[in-house]
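These notes concern the structure reproduced below.
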Amino acid sequence: MNEAGRRTERAAWGMGEEITVYRPTADRQSEYHLFFDDRGLLIGYIGILYEGLDLASQRAYAAWLAKQVPTDFLLPADVSGRAPGLRSGRLYSEQGERVSARAITIPKGERQSLYFDSSVLTPYFLLLSPYKPEYLFRIHLPPGAQPRATYGPSDSESRDYIARQHFAKGEVAHFGLCGQKENDAAIAAYQRAIEIGLSAPLLQAEAHHRLGLAYRDKGLLPQAVAAIETSLKIRPSIPEVVNHLGKICALMGDKARAVEAFHTAIGLRPNYADAHFNLAEAIEDTEPRRALTAYENYLAYVENTPGEKERIAKAEKRIEALKKTVK
């Protein structure tokens with residue numbers, strides 16, 4: 001430990017690396033687990049304050065917690081009772097579009113103390129959580145007790161866990177969560193996740209779906225169709241995926257198949273505004289009356305959906321024009 005009371009440890013973490021920093025935080029001993037992917041990108045951290053930090057001194061943090069709905073839980077038996085009132089905790093979560101956060105507090109009388117603070121890129125939200133027995137075991141650790149390893153072969157080294165890491169890496173690249181979108185990196189990551197093997201059918205299907213969208217963004221439309229078709233073989237009734245298949249077919253000039261896909265998506269979800277709009281565009285030249293109805297359905301279902309202002313204006317103009325031509 002150096003003069004600042006800090007020391008660090010490095011360990012493998014699935015496909016990446018975990019660096020643990022031991023340091024004082026607000027005059028409390030703590031440890032921070034920093035997680036990096038295989039490119040060295042910091043994707044999140046989990047902080048542990050061994051003795052807790054009174055939130056009365058952390059007004060901004062307390063204000064954030066006050067906006068969340070906590071989940072109460074009982075502490076593990078080997079942790080409960082190490083300090084007065086150490087029986088239960090509260091888990092707070094906020095899942096954002098780019099970054100998600102978690103916190104765990106434990107009551108001390110009428111006050112709440114912060115014990116765990118975590119922030120991760122949202123695609124890794126389900127992979128990195130402070131709500132694990134291995135982490136909870138580290139608070140109020142009795143003198144001489146050895147902390148447990150936070151990750152082991154049954155967790156971060158399992159094939160499924162590593163596959164999910166690659167899937168999360170693909171999400172970060174595909175959505176450009178750390179800057180610009182990176183189609184090549186997204187394609188490689190999704191492919192690797194599929195090759196390693198995701199155990200959950202939902203994730204298997206979504207990996208192929210996302211791979212198809214990454215292919216689309218790169219202009220590889222036949223590969224995009226093949227990937228999305230594979231997704232639909234695993235989970236055949238997902239309207240968003242069927243709709244994406246239709247849009248890619250439309251880009252390829254296969255209007256008949258695109259229209260079929262949009263009809264299928266609407267059949268799965270009758271109020272699916274996006275599919276109604278896509279259908280209207282696809283059939284406007286050949287079936288103007290049905291296109292008029294599709295545009296009207298789009299306006300009826302889209303209402304105040306964020307980001308739809310331009311398409312609403314376009315639909316209104318097309319309706320006006322079609323009403324003049326349809327008899």
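Could you work out how far helix 255-268 tilts from the main Cα principal axis of the chain, as a 0 to 90 degree angle to the nearest 10? The angle comes out at about 60 degrees. Axis of helix 221-234 versus longest Cα principal axis of the chain: the two differ by about 70°, to the nearest ten degrees. Taking one quarter of the surface of the convex hull spanned by the alpha-carbon atoms of segment 1-110 gives a direction-averaged projected area of 9.1 nm².
Does segment 261-327 come out rounded, prolate or oblate, given a ≥ b ≥ c as the square roots of the eigenvalues of its C-alpha gyration tensor, rounded meaning a/c under 1.5 and, failing that, prolate meaning a/b above b/c?
Judged from the Cα gyration tensor, segment 261-327 comes out oblate (a/c at least 1.5, b/c at or above a/b).
Can you tell me the FRET efficiency between residue 325 and residue 126 if r is taken as the Cβ-Cβ distance and R0 is 56 Å, rounded to the nearest 0.05?
Approximately 0.65, to the nearest 0.05.
Taking 23 Å as the limit for the C-alpha separation, the pairs 218/309; 181/317; 218/255; 233/309 exceed it in the case of 218/309; 181/317; 233/309.
In this rough spin-label picture, where each label sits 7 Å from Cα along the Cβ direction, the residue 260-residue 77 distance is 6.0 nm.
Express the accessible area of the chain per residue in Å², computed with a 1.4 Å probe while the remaining protein chains stay in the model.
Ligands and nucleic acids excluded, the figure is 51 Å² per residue.
Students often check this: by mean Cβ neighbours within 10 Å, which of 65-77, 263-275 ranks highest, and how do the rest follow?
For the peptides 65-77, 263-275, the packing ranking is 263-275, 65-77.
Once both axes come from the Cα atoms, what is the angle between helix 273-283 and the longest principal axis of the chain, in degrees from 0 to 90, rounded to 10? Orientation of helix 273-283: about 30 degrees from the principal axis.
The reciprocal of the average 1/r between distinct C-alpha atoms defines the Kirkwood hydrodynamic radius, which for the chain equals 23.0 Å. For the pair residue 159 and residue 21 in one chain, pulling the backbone fully straight at 0.36 nm per residue adds 47.0 nm over the alpha carbon distance. Dipole magnitude for the chain: about 440 debye, using +1 per Lys or Arg Cβ and -1 per Asp or Glu Cβ, origin at the Cα centre.
For residue 29 and residue 61, FRET efficiency with R0 = 25 Å and r from the beta-carbon atoms, rounded to 0.05?
So the FRET efficiency works out to roughly 0.85.
Sorted on the mean count of surrounding Cβ atoms within 10 Å across their residues, most packed first, peptides 217-224, 22-29, 86-93 read 86-93, 217-224, 22-29.
Here the accessible area of the chain is 51 percent carbon and sulfur, with a 1.4 angstrom probe and all protein chains present. The alpha carbon gyration tensor of segment 62-112 gives principal lengths a ≥ b ≥ c with a/c of 1.5 or higher and a/b greater than b/c, which makes the shape prolate. Rounded to 0.05, the FRET efficiency of the residue 51 and residue 314 pair, given R0 = 51 Å and the Cβ-Cβ distance, is 0.30.
When the chain is described by a simple charge dipole with +1 on each Lys and Arg Cβ and -1 on each Asp and Glu Cβ, the residue from 224, 179, 248 located farthest towards its positive end is 248. In this simple spin-label approximation, residue 184 and residue 289 carry label points 7 Å from Cα along the Cα→Cβ vector, and these lie 5.3 nm apart. Descending by average beta-carbon neighbour count within 10 Å, the peptides 255-261, 293-299, 167-173 line up as 167-173, 293-299, 255-261, the highest first. Length available on full extension from residue 271 to residue 8: 0.36 nm per residue minus the Cα-Cα distance, which gives 89.3 nm. Rounded, prolate or oblate, given the Cα gyration tensor of segment 187-285, with a/c below 1.5 counting as rounded? In terms of gyration-tensor shape, oblate.
The values are calculated or read from the model by the stated rules, or taken from the named source; none is laboratory data. None of these values were measured; they are calculated from a predicted model. Cβ atoms come from the backbone with ideal geometry, glycine included; neighbour counts cover every protein chain shown. The protein model used for the area step is the full one, side chains on, heavy atoms only, and it has no ligands, DNA or RNA in it. Shrake-Rupley method; radii C 1.70, N 1.55, O 1.52, S 1.80 Å.
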